[in-house]
Every structure is written in C-alpha cells, then in structure tokens.
Amino acid sequence: MNRERQLAQTFVALSDTYAAEFDPLRLFQRLVHACTDLLETDAAAVMIGDARGHLRTMATTDEEAAFIEVLQVQTGQGPCMECYRTAHPVSVPDIAVEYARWPRLVGVMLETGYGSLQAVPMQLHDRPIGVLTLLRGSTGRLPENDVHLAQALADSATLGLMHWSTEPARSDDVITRVQSVIAAKATLDIARGMLAQHADVSVAEAARLLNTYVTRGRCRLTDTAHALVARELDLSEVVEGQRLP
C-alpha cells in the first residue's frame, strides 16, 4: 500500500464516528499505531487530562512508553506536562541534555533506549484535552513534516472523540465526554487484569487477546470490557475465542 492510500485510510479510521464498531478507546489505539506506521518514530502514547488537569494514559504502543508516561504524571514534570499546560508542541531532540530539568524521566528514557521525544497537543477550539507523545531511539528533531502530520492526526482523533456520541457535543460537554472516556479506560485496565489472571498471561498478552476478540466479533472494546468486569461475559469466552479459525 502506498503512503497516500495509507494516509487516506488512517484519517477515515480516525474520523468515522458513524461506524457501528466505533469506540473511543480503539480510536486512541489506532492513533498511536498510525504514528509509528507513518512517522519517523519508534513508540507513541496518548494521554488525556481529567477534570483536575491530571493526565491519564489512554493508549501506548509498548510498555516502555506507558512507563514513561506514568512517570511524568506521577512527578508532574516532563515535556508532555509542559505541552498540555501550554497547548504548544514541545520538542526534545536529545533527552540526555535535559537531566537537570527532568532527572527521573531522563534516566528512564535512556534505560529503555529512547533518545528523543516530541509532544503534540490534542485540543478542541484551543482548549487542551490531552497530549500525543512520540518517542525515538535516536537523537535529533522529528522532521517538520512529521510534526505537522502528527498534529493533523491528533486533531482528527480529537474531533472523532468529541463526536462519537449520536448527540453533538456542546462546548460544556467536553469535560463530561473526556471523563467518560477516562472511566472507560479504567474499566478496560481492570478487564485486562482479570483476563491476565484468568489465562495466566501478561497484561500485554491479555490486551492482545481482548483486541483479537473484539475485532473478530466486530464489537466495541468499551462494551466488552464493561461486560467482563460486570461478569456479564465469561472470561473463558475471550480466551477460547482465540482458537476459532
């Protein structure tokens, strides 16, 4: 598939809120994986701000990215927090030289093999709602064209998030809409933990099992996670579903 067709399909996937299986959590997963597919970046993560302005991790491409994001939230420091507060992109071409500003973050990034970072704001009508983070193993700035494309992808996902309900979002609905997605992510984390314990696998493998199940069944990830937590769906059904042809 050529790049132009891949770009077109990506933007459709991020904005098609009328698809029966459209799901805000899958939206974030599509966004982070689109970034690693289309941009010169090795890992990506999405964080959304709650009603108190605290960032919550919604989706990551790997566990290392998730750990870095969580660390930034815990310390209240780092380029992602700065990007969220200012609603402007933040580029860190060489994380090693930022040790004096963010010593814990720098240590973790270097240990996990990342040398640079680009944070892109997610906002609606100049109102910041979150941050898209791009991590690279090499040092140096992300190419300018990639930064612009990352912003376009983030903007498309933000619009999709705000319109996934059949009712149009008013400006005063933004916080409520974001809070509902954060709550859905918390339920998803619980469901993944339950599935990991039931199947005796890692949380990452549990996430893969769950994603495969909802993809094959063309059902919503949020609905499936809620059904698992509420015991309305048997955990074994998700595991056994992997054996289907």
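Tell me what the chain gives for mean residue ellipticity at 222 nm when only DSSP H runs of n ≥ 4 count, each as -39,500 (n - 2.57), the sum divided by the residue total, rounded to 500 deg cm²/dmol.
Rounded to the nearest 500, it is -17500 deg cm²/dmol.
³J(HN,Hα) across the range 228-234 via Karplus (A = 6.51, B = -1.76, C = 1.60, θ = phi - 60°), whole Hz, x for Gly/Pro?
Along the range 228-234, the couplings run 5, 5, 7, 6, 8, 10, 6 Hz.
To one decimal place, what Kirkwood hydrodynamic radius in Å is obtained for the range 181-243 from all pairs of distinct Cα atoms?
11.2
Within 10 Å of each candidate Cβ there may be at most 11 other Cβ atoms; applying that plus a DSSP loop requirement, which trypsin sites (Lys or Arg not before Pro) in the range 46-144 survive?
Arg52
First obtain the Kirkwood hydrodynamic radius of the chain from its Cα pairs, then insert it into the Stokes-Einstein equation at 10 °C and 1.306 mPa s, and state the resulting D in µm² per second as a whole number.
This corresponds to a translational diffusion coefficient of 86 µm²/s.
Compute the signed sum of charges (Lys and Arg +1, Asp and Glu -1) over the other residues within less than 12 Å, Cβ to Cβ, of Ala204.
-2
Can you give me the angle between helix 203-217 and the longest principal axis of the chain, using Cα atoms only, in degrees from 0 to 90, rounded to the nearest 10?
60
Please determine, in degrees from 0 to 90 and to the nearest 10, the orientation of helix 144-162 with respect to the longest principal axis defined by the Cα atoms of the chain, where the helix direction is its Cα long axis.
Approximately 40 degrees, to the nearest 10.
Mind ordering 93-100, 221-228 by average Cβ neighbours within 10 Å, highest first?
221-228, 93-100
How many percent of Cα pairs in the range 26-108 exceed 17 Å?
Considering the range 26-108, 50 percent of its Cα-Cα pairs are separated by more than 17 Å.
Is there a quick way to get the dipole size of the chain? I mean about its Cα centre, with the Cβ of Lys and Arg at +1 and of Asp and Glu at -1; what is the value in debye to the nearest 20?
240
Could you point to the residue in Gln9, Ala186, Thr60 farthest towards the positive end of the chain's charge dipole, with +1 and -1 charges on the Cβ of Lys/Arg and Asp/Glu respectively?
Going by the charge dipole, the pick is Ala186.
In the chain, if the dipole is taken from +1 on Lys/Arg beta carbons and -1 on Asp/Glu beta carbons about the Cα centre, which of Ala119, Gly130, Ala150 is farthest to the positive end?
Checking the options against the dipole of the chain, the answer is Gly130.
In what order do Phe67, Phe28 fall by count of nearby beta-carbon atoms within 10 Å, going from fewest to most?
In increasing order of surrounding Cβ atoms, one gets Phe67, Phe28.
Using the alpha carbon gyration tensor of the range 67-136, what are the three equivalent-ellipsoid semi-axes (square root of 5 times each eigenvalue), largest first, in whole Å?
21, 12, 10
From Cα pairs below 8 angstrom and at least 6 apart in sequence, can you work out the relative contact order of the chain, rounded to a whole percent?
Relative contact order comes out at 20 percent.
For the range 41-86, what ratio Rg/Rh do Cα atoms give with a Kirkwood hydrodynamic radius?
The Rg/Rh ratio comes out at 0.94.
Just to check I understand the Karplus step: with θ = phi - 60° and J = 6.51 cos²θ - 1.76 cosθ + 1.60, what whole-Hz values come out for the range 51-65, glycine and proline as x?
Working through the residues one at a time gives 4, 9, x, 8, 7, 10, 6, 9, 7, 9, 8, 7, 5, 5, 4 Hz.
Need one number: nm distance between label points at Thr86 and Val73, each 7 Å from Cα along Cα→Cβ, rounded to one decimal.
A separation of 2.3 nm, rounded to one decimal place.
Every number in this text was worked out from the coordinates using simple rules, so none of it is lab data. Just so it is clear, the structure is predicted and the values come from calculations on it, not from any experiment. Cβ: placed from backbone, ideal geometry, glycine included. Neighbour counts: every protein chain shown.
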